[in-house]
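Only one structure is covered here, and it is reproduced in the block below.
Throughout, read-outs are computed from the coordinates displayed, never taken from laboratory work. All values reported here derive from a predicted model rather than from experimental measurement. We place every Cβ from the backbone using ideal geometry, glycine too, and count neighbours over all the protein chains shown.
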């Protein structure tokens with residue numbers, strides 16, 4: 001009886017062992033299958049099925065085909081290939097990843113950050129922002145893009161009397177001499193109606209958009225910067241320097257055409273200048289015969305001893 005019990009126990013134990021082994025094998029197989037599915041669903045960060053230099057995971061996340069070599073394509077036409085976008089960390093489906101108005105390709109080519117809004121920065125300190133340099137096709141990393149000795153901000157490509165920086169300040173187009181097509185160049189406009197042109201205001205240090213730049217109650221055109229008693233506007237009109245007290249109308253300055261200044265070529269009354277006027281009392285060359293009251297005298301003479309000698313005619 002003991003013998004039979006022992007055999008039954010042994011058989012039961014063997015059956016349990018086979019069951020456990022069977023279950024372990026199934027579990028291992030299931031685990032392997034799950035791992036395979038997981039690897040297919042989530043490729044590793046470095047896997048590159050098409051060997052195009054861009055990981056499958058990055059391509060899939062950015063709408064590219066991880067099974068097709070598309071490294072050289074430029075889907076968003078921003079100047080960067082897909083592979084270059086991967087290296088720069090930019091979006092291959094968006095031409096301007098940081099949305100600052102500057103294409104990714106231009107930013108990368110010019111040493112700017114295509115993932116940061118830096119359009120308003122001035123990388124080369126030339127007076128123009130990166131965005132303005134892009135608009136004018138200049139180098140944002142070179143203060144003098146054409147190496148002509150003039151800063152990019154101080155250039156005047158449209159020759160209207162205003163620099164690039166000044167044009168942007170006033171809202172003009174630096175590439176158009178007459179931005180509003182009104183027949184007056186941007187430099188000759190008078191935005192604040194103070195009598196001074198925009199170009200003159202900048203020259204004198206005034207604000208072209210404020211008729212009274214220093215808020216002292218006197219319009220900019222009526223100011224007298226050099227304190228010579230003549231307004232800035234009158235000096236500019238006369239051709240003298242409103243910032244030089246020694247150069248004002250009436251002092252004999254070249255280009256000044258004021259009465260009495262003795263400037264050669266001036267025909268103003270009483271100026272005594274060469275080729276000047278014929279006013280009474282002047283010493284001008286080719287002047288008048290003043291002192292005769294406007295009359296001329298004709299005198300006739302006769303030989304000595306004849307007793308005759310008279311004024312023959314007055315007129």
The relative contact order of the range 48-119, taking Cα pairs under 8 Å that sit 6 or more residues apart, comes to a percentage of 21 percent
Quick note on 85, 176, ordering by fewest other C-beta atoms within 10 Å, gives 176, 85
One point scatterer per Cα, no solvent, Debye formula: log10 I(q)/I(0) for the range 48-119 at q = 0.14 Å⁻¹ comes out as -0.39
Per the rule of 0.36 nm per residue minus the C-alpha distance, extending residue 99 to residue 73 adds in nm 7.2 nm
Descending packing, highest mean Cβ count within 10 Å first, for 145-158, 162-175 is 162-175, 145-158
Nearest-0.05 FRET efficiency for residue 137 and residue 214 at R0 = 51 Å, using Cβ-Cβ distance, is 0.85
Placing each pseudo-label 7 Å from Cα in the direction of the beta carbon, residue 181 and residue 45 end up separated by a distance in nanometres of 5.6 nm
